[in-house]
Amino acid sequence: TMHIYMIYHEDGSVDAPVDMGVAEKMGETPIPTEYLDSRIFHISPIPPEEQLKAIKRLKGKRISIDFNPTYMEDYKTKRDLMKGIISKAEIVFPNEREAMAITGEKDIKKAAEKLHEWGAKIVVITLGERGVLLYNGSTFKKFRALPIKEIVDPTGAGDAFAGGFLAYYAKGKSLEECIAQGLLRAREVLKKKGSWSI
């Protein structure tokens, strides 16, 4: 069985080291034919090598990619692999720490520019309680996090944000609308303990 250990830091950040267990031996599953006409494919946080395999199977499709602190060491040490992954993405959703680890940059705007330079058309960097930074290759736009009385647990907030964003992106909505929906979904997750679907 796979185990994920949640380590909560005083600054509100979370690390999630993983013991993959038998999940390490799982193989590729064929993509059902009826899914191949989807407007966009989202590749969730899995080991970078597996993300690249998934991208190769989706050649020519629109792809978004999510990341996870679990693979932070891979992001720092496998930069060429990460470049290859990001070069195929239409949208990337790293958080601030992941963006800087992947690119090696210490400034968040420089990290966003580098991710775009590597091929991502839209870079959406989540900044926790400080909101979201959007970079489309020409302009930066910062969005504030929505007000919340109490943050119970940040686990899954980034995933919820990406899901809300992509649901509206697939409908052809503006990037501003997509981010607004992502922020709404993330806020709901922050109100509950543990990882929940919404």
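No value in this document is a laboratory result; all are computed from the given coordinates. Bear in mind the structure is a predicted one, so any value in this text is a computation, not a measurement. All Cβ positions, even for glycine, are placed from backbone atoms using ideal geometry, and neighbour counts span all protein chains on display.
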| remark: Calculated from DSSP helices alone, with each H run of at least 4 adding -39500 (n - 2.57) and the total divided by the residues of the chain, [θ]222 nm to the nearest 500 comes to -10500 deg cm²/dmol
| Can you give the % of DSSP beta bridges in the chain that are antiparallel, to the nearest 5? | 55 percent
| request: Round to a whole angstrom and tell me the spacing of the C-alpha centers of the range 93-126 and the range 36-81. | output: 15 Å
| Contact order normalised by residue count of the chain, Cα under 8 Å, 6+ apart, percent | 13 percent
| note | Options (1) 20.7; (2) 17.3; (3) 19.6 for Kirkwood radius over Cα pairs in Å; the value derived from the coordinates is listed as (2)
| field | Sequence-distant aspartates and glutamates (8 or more away, or on other chains) whose Cα lies within less than 19 Å of residue 193 | value | 10, 11, 15, 129, 150, 153, 159
| Under a 5 Å amide H to amide H cut-off, with H placed in plane at 1.01 Å, what residues pair with residue 131 once short-range neighbours are removed? | 145
| Under a point spin-label approximation (7 Å from Cα along Cα-to-Cβ), what is the residue 8-residue 138 distance to one decimal in nm? | 4.4 nm
| request: Check each of the GluC sites (Glu not before Pro) in the range 130-185 and keep only those in coil by DSSP with at most 10 other C-beta atoms within 10 angstrom; list them in order. | output: 150
| query | Once phi is turned into ³J(HN,Hα) by the Karplus curve 6.51 cos²θ - 1.76 cosθ + 1.60 with θ = phi - 60°, what whole-Hz value does each residue of the range 29-36 show in order, with x for glycine and proline? | reply | 10, x, 7, x, 3, 5, 8, 5
